[in-house]
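Working notes, beginning with the structure itself.
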Number of protein chains: 4
Amino acid sequence: MKREVVRYGMVGGDLGAFIGGVHRNAINYQASTSLVAGCFNPSEAENRATGEFYRLDADRVYKDYKEMAQKESQREDKIDFVSIVTPNFMHYEVAKEFLLNGIHVVCEKPLCFEVAQGEELKAIAKDKGLLFAVTYSYSGYCMVKFARQLIKEGKIGSIINVNAEYPQEWLIDELGNGEKSTTKLSVWRMDPLYAGISNCVGDIGTHIENTVAYITGLKIKKVAAKVDRFNQELDLNANILVEYDNGCSGSYWCSQVSVGNMNGLTVRIYGTLGALEWDQEHPDYLRFTLKGQAPQILSRGNGYVYGRAAQLSRIPSGHPEGYYEAFANIYKTFIGAILKTIHNEQLTQEDLDFPQIDDGIEGVKFVHAVIESGNDQSKWVTL
Amino acid sequence: MKREVVRYGMVGGDLGAFIGGVHRNAINYQASTSLVAGCFNPSEAENRATGEFYRLDADRVYKDYKEMAQKESQREDKIDFVSIVTPNFMHYEVAKEFLLNGIHVVCEKPLCFEVAQGEELKAIAKDKGLLFAVTYSYSGYCMVKFARQLIKEGKIGSIINVNAEYPQEWLIDELGNGEKSTTKLSVWRMDPLYAGISNCVGDIGTHIENTVAYITGLKIKKVAAKVDRFNQELDLNANILVEYDNGCSGSYWCSQVSVGNMNGLTVRIYGTLGALEWDQEHPDYLRFTLKGQAPQILSRGNGYVYGRAAQLSRIPSGHPEGYYEAFANIYKTFIGAILKTIHNEQLTQEDLDFPQIDDGIEGVKFVHAVIESGNDQSKWVTL
Amino acid sequence: MKREVVRYGMVGGDLGAFIGGVHRNAINYQASTSLVAGCFNPSEAENRATGEFYRLDADRVYKDYKEMAQKESQREDKIDFVSIVTPNFMHYEVAKEFLLNGIHVVCEKPLCFEVAQGEELKAIAKDKGLLFAVTYSYSGYCMVKFARQLIKEGKIGSIINVNAEYPQEWLIDELGNGEKSTTKLSVWRMDPLYAGISNCVGDIGTHIENTVAYITGLKIKKVAAKVDRFNQELDLNANILVEYDNGCSGSYWCSQVSVGNMNGLTVRIYGTLGALEWDQEHPDYLRFTLKGQAPQILSRGNGYVYGRAAQLSRIPSGHPEGYYEAFANIYKTFIGAILKTIHNEQLTQEDLDFPQIDDGIEGVKFVHAVIESGNDQSKWVTL
Amino acid sequence: MKREVVRYGMVGGDLGAFIGGVHRNAINYQASTSLVAGCFNPSEAENRATGEFYRLDADRVYKDYKEMAQKESQREDKIDFVSIVTPNFMHYEVAKEFLLNGIHVVCEKPLCFEVAQGEELKAIAKDKGLLFAVTYSYSGYCMVKFARQLIKEGKIGSIINVNAEYPQEWLIDELGNGEKSTTKLSVWRMDPLYAGISNCVGDIGTHIENTVAYITGLKIKKVAAKVDRFNQELDLNANILVEYDNGCSGSYWCSQVSVGNMNGLTVRIYGTLGALEWDQEHPDYLRFTLKGQAPQILSRGNGYVYGRAAQLSRIPSGHPEGYYEAFANIYKTFIGAILKTIHNEQLTQEDLDFPQIDDGIEGVKFVHAVIESGNDQSKWVTL
């Protein structure tokens, strides 16, 4: 009988961690997939408690991710994939270890801090024939997928301008005093040792970059940025001019100090024949306008929505889907691809409709280019 | 060691069923709870396939719900609760069987077709000391809970008027030809044998009734309704005047033939000091206005939201929660209450913050009163 | 040479009055029309001051509206029409006087308090061949006219349900103390001597009635209403069931005690093929949905808007028009009809696209029926 | 007796012209102000027809604006001010002529094409003690004034970032063919002879610049822009980075080729304590958020709105004001200042709350800087 069950392990993501919980819940949407191994936290107590909560075999709760990668790879009932939800600075090393041990990888974004690291991971994955997903969550939303579809079909013509933004309020209290932040969260975000060269652009600017790239298929040629640090070591706000490879222009804005915005990722794409607008806080809707006509408010789950957006829609129109479903869509596709791989079936383009390692690398390039431009008079920096 | 694991069974909800899947997914949000038994479909093949998909022991996939109730009740590792997601006309009999066998019950709405049936179920549950939840899903949303809290605290003063509606478009093609519907779904909805005395009021009108009751704490005294059937046997649209026990007025409108509305449950509550408005299609937001002041758009997950709404919030503000989380919140509370019951702990009011059997009975009364009024010149009918 | 200049007089509307100023400003949108006579206020001082401000000849500022009607009617350069903006209880007598003296009339709503009065005015106007407009302002908005056009063309099919409302907050402080109001405004509104049998229904409920009638062409057959007075002599809130002559249902709600609503007239019309929604606070937009398709947000001034809505549009799309333009559109049409009458040209249906005396009478019937129903157990009352 | 009547003349603005009609209508909101002279069109026939329509004395309908300036300046009943609504390239010369003849000036934007011209006009006006208004219309909206007030009072703290945009769709058909436009309108807009060095930035980009400057009080230090011409001679789209004199950042976007946007001027201002957002298509509203609190939707005409925004509000809250009222507010203030000047009264800051010649000069500087930056690799250009 064909295997339908998929097993996975997790690195990072103890019981108290936010994003680890999101991943587990999203994976749970696929009833066929089970958590069977983990290395959740350097603290032995928290690690064990997490394993017990999920009723894992004690010998599959590992102290060390390297040990986990190696031991799991030798089991007959080994994990099919690992989900990496550690702090950002560990992504590269953990991903590398699992790839080297022949295990498919899902990794939180950012993929890594340096482009060379990303290229190295890509080479190993290719060499080993492994699947690699980077959880740029917003590409998982149905109506983001429908935007992509409409553009692919030429519905809005050639793209001539992009306007996208991601403002948040939550770090407003980091402004201005010049002292190093002391809250735990701020330490992770504002200290270059853990956050890399960027805080805001790396954390949410890259979501703009990826969401626009996914929807439009455009590649960024170069950026010119004004980056604001407000006396902190890392950036809190950035305004970015963009030029894409087709010559058209864009403008991105990311901020963690913009009062009145919770998680305001909004993407607007303008073409010669029409335009599309998507707002993450109301993800089931997509504003679509054709030249000379009235704007239409498309909504998920209706008969006029087709393709991937329709396949992945879970509940009827008007019943809101949200953030978990976006993650679940990425995992559903990724796990489907693993099953095909297990059964030696050919993977189609559609089977690979999840963020790839190349998307992760593009994100790292984007962050480096923006920060470099911001450090040098907003000059144009080529990606 | 204290038991943290909860086991449940399901009646109805084979792999192809919509609402059963929603329930299972919502229950999955609690990692501690496992599906271990079921009677998913009268068809043996579908029943077995569903059991296999969820890796159930074959002897816990039952042909008959009575057999399931009896056998499960005698096992040491018996199910702690059953989730009933059968067609509506079976709710009463299935719930009764499990109650009689000492098993806690979660039942989809409507609880049953007749008030007497509801009273009977209530008496058995009380007698046996069993928990009983009716899944009026909208009471599970965080911002619905916050609306309730603000009203309880007197923030909008005494309620003087209510305006609530639930329009949908999806049965627009049932209009007018006078022939009996033939699609499978329509048969369930439009045939009194399966749907009871009402289609639209029973299906979605009751959601208005319950959501308003939950938010306001008001009880309906009487209704006067104009009910439209458009040459079908059952109702498709209803406009309803309401008088509450405090003497104040309300107006409800439910419809399944209103073009441009997907799932438009909207509740507006007006008081002597302020007003609240909640719209199901954007459930993370709550419009709150104090007399003489500007409307405020409250959103889930922010520091100014407290109480149950804050406790049940899962992801940060601006990251949309949706329909699954509303169900999951009901189950989370219900399962928490079961665990306390297992451990012989006292249940507080808060522990019972899920729709009770009394809410289910109130819903049945409401449907009967509206239909009776509609059949007799929109006269006032007391609940 | 063809006369292009139109002269008018005003009764009521001294310098301090609100609605008189709105009328004058709206008339001013037609550069060809001049204020030349008036009887603005019983106080001689205020009357004279208003006349002086508008540079009127002293002998055309009248102490008494009867004198004004008679003297003006005998001048060669007499006023072509009178604009009546007195307190409501005087509308009937003033309008009658001017009609009897052969002068066209524009009268604020309500036309009068009793149906018989309205019929009498209608008979005189017909007998004398005079034009009579009642300023139901909302029918003057371009997108209201476009809604009417789309429905006339059958775009939304046969109408099956109507939902309309007009909530305001501004009388919230009249609630509940049971004492007679003492503010000047409240006296006019809450005292039957001046306000007639109704406050809220008469003031804004009639706007719902007229706007729906204008858009849909439906006539109300009967109403059943719950009317709330909150210990005042006159109504402050009403929920109303409606049945139209085509048998379809409607629900109206008007309120002056609903916190968070400034001037919330919203009309939603549902048909067998589509639906329309218009919201007075954003009057340049019209939500239009066809069965099975995405809602479209039509906006004034675009190429896809045609007919009267296009003819009356003054400024490009996206530049907001508002309340003054709605009034100005009524006057523009009315003055155009007067000019045609002066030149003995035939009036078309389109020339008469302003609220007629019949609309005024329908409004009086509506108010009486609603109040009667509210006084008698919400029974159905035929108009 | 104190003179209350103000006389004005107009240059440009024949009966068929759009913006001239807007100005006249806006001036009409002040009943005290009369059009008495004009030079409306080079065509004698159109000039005369316009004069006749407004019942002007034939000898005050001038063939030539110079003749008009000179003759009017010598009359006892001369015009108090002139309103200049000619094509843009004539603004400078016409304004100069009237200033030199001692007549107050209202001039459409752009003030002129060269900074030196603006400085010259300013010097003459100062020398002659004349008032000069440039009709940046958006500064006339009540809620724009309230935004300015809240910022002045420190309600949102120190400004840290600005995001403003002005997208339109209407020139979408100018895209890309590389041929010169041939429609009349396009000729004015797309030919440097008539439009100066910029089309889109000059036409609407300057409105962003002025509206932000008015609201915030910030002055732009420098800009870096990517300007798109799409094979036309002049610009149709521009993305602009901004640095203000206080060191904070901004991002502007203007476009006339963005499908789905009619007149989308939107301004968002972020401070250390709060944020404000205003959208021209819904001008009666202002979104105001304090750090850590829920967004409030302020609306014109309510008790919580005070200062200039309250003084200039004409109709009750919820009754929409629009584009005409914004212009009328500028004229009301300007005419009030003229009357004070006539009566030799001292002008306060508030009396001068209309766009000044300095604002016009700032606009010219902005256009030059943006175009220069766009022509040279988006380098920073100081204003």
State yes or no: is A:Glu165 outside any strand (DSSP E or B), of a type in the set (Asp, Glu) and modelled with pLDDT of 95 or more?
no
Looking at the stretch A:355-376 only, could you name the residues that are outside any helix (DSSP H, G or I) and surrounded by fewer than 21 Cβ atoms within 10 Å (Cβ to Cβ)?
A:Gln356, A:Asp376
Members of the stretch B:281-303 that are away from chain A (no Cβ under 12 Å) and touching a strand residue (DSSP E or B) at 6+ places or on another chain (Cβ under 7 Å):
B:Leu286, B:Arg287, B:Phe288, B:Thr289, B:Leu290, B:Lys291, B:Ala294, B:Pro295
Output the residues belonging to the stretch D:49-77 that are within 14 Å of another protein chain (Cβ to nearest Cβ) and not β-branched (Val, Ile, Thr).
D:Ala49, D:Gly51, D:Glu52, D:Phe53, D:Tyr54, D:Arg55, D:Leu56
Would you please name the residue that is nearest to the other protein chains (Cβ to nearest Cβ), looking only at residues in the stretch C:143-162 that are polar (S, T, N, Q) and either closer than 23 Å to C:Tyr323 by Cβ or surrounded by fewer than 24 Cβ atoms within 10 Å (Cβ to Cβ) (or both)?
C:Ser158
Within the stretch A:18-45, count every residue that is more than 9 Å from chain B (Cβ to nearest Cβ), surrounded by 20 or more Cβ atoms within 10 Å (Cβ to Cβ) and within 17 Å of the chain's Cα centre (by Cα).
4
Across the stretch A:265-275, which residue is surrounded by the fewest Cβ atoms within 10 Å (Cβ to Cβ) among those that are in contact with a Pro (Cβ under 9 Å, 6 or more places away or on another chain) and at the interface with another protein chain (Cβ under 7 Å from one of its Cβ atoms)?
A:Ala275
Selection from the stretch D:46-77 of residues that are part of a loop (DSSP other than H, G, I, E, B), crowded, with 17+ Cβ neighbours inside 10 Å and over 27 Å from the mean Cα position of the chain (by Cα):
D:Leu56
Of the candidates D:Ala116, D:Ala125, the one satisfying the condition of being surrounded by fewer than 22 Cβ atoms within 10 Å (Cβ to Cβ), more than 30 Å from D:Gly292 (Cβ to Cβ) and in contact with a helix residue (DSSP H, G or I) (Cβ under 8 Å, 6 or more places away or on another chain) is D:Ala125
Give the residues of the stretch D:247-264 that are in contact with a Pro (Cβ under 8 Å, 6 or more places away or on another chain), at negative phi and at the interface with another protein chain (Cβ under 8 Å from one of its Cβ atoms), sorted by residue number.
D:Trp253, D:Ser255, D:Ser258, D:Asn261, D:Met262, D:Asn263, D:Gly264
A careful count of residues in the stretch D:212-237 that are in a loop (DSSP other than H, G, I, E, B) and in contact with a Phe, Trp or Tyr (Cβ under 6 Å, 6 or more places away or on another chain) gives 2
Can A:Cys107 be described as farther than 27 Å from B:Pro320 by Cβ and within 15 Å of the chain's Cα centre (by Cα)?
no
Restricting attention to the stretch A:304-342, report how many residues are of a type in the set (Ser, Thr, Tyr), within 19 Å of B:Asn263 (Cα to Cα) and within 7 Å of another protein chain (Cβ to nearest Cβ).
2
Select from the stretch D:238-252 the residues that are in a loop (DSSP other than H, G, I, E, B) and out of contact with any Lys or Arg (no Cβ under 6 Å at 6 or more places or on another chain) and write down the one among them that is surrounded by the fewest Cβ atoms within 10 Å (Cβ to Cβ).
D:Gly247
For C:Val105, indicate whether it is β-branched (Val, Ile, Thr), outside the structural domain of C:Tyr194 (by TED's automatic domain parsing) and crowded, with 23+ Cβ neighbours inside 10 Å.
yes
Can D:Gly20 be described as in the same structural domain as D:Glu97 (by TED's automatic domain parsing) and touching a strand residue (DSSP E or B) at 6+ places or on another chain (Cβ under 6 Å)?
yes
B:Val367 being of a type in the set (A, V, I, L, M) and over 28 Å from B:His104 (Cβ atoms):
no
Filter result (among the hydroxyl-bearing types (Ser, Thr, Tyr) and farther than 30 Å from A:Leu15 by Cα) within the stretch B:21-80:
B:Ser43, B:Thr50, B:Tyr62, B:Tyr65, B:Ser73
Given the criteria under 25 Å from C:Ala369 (Cβ atoms), within 13 Å of chain D (Cβ to nearest Cβ), in contact (Cβ under 8 Å) with a residue 60 or more places away in the chain and assigned to a strand (DSSP E or B), does C:Trp278 qualify?
yes
Identify all residues within the stretch C:123-145 that are in a helix (DSSP H, G or I) and closer than 25 Å to C:Leu312 by Cβ; write none if there are none.
C:Ala125, C:Ser137, C:Tyr138, C:Ser139, C:Gly140, C:Cys142, C:Met143, C:Val144, C:Lys145
Of all residues in the stretch C:290-338, count the ones that are within 21 Å of D:Tyr29 (Cα to Cα) and under 24 Å from the mean Cα position of the chain (by Cα).
20
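The values are calculated or read from the model by the stated rules, or taken from the named source; none is laboratory data. These figures come from a predicted structure and were not determined experimentally. FYI the Cβ positions are ideal-geometry reconstructions off the backbone, even for glycines, and counts take in every protein chain you see.
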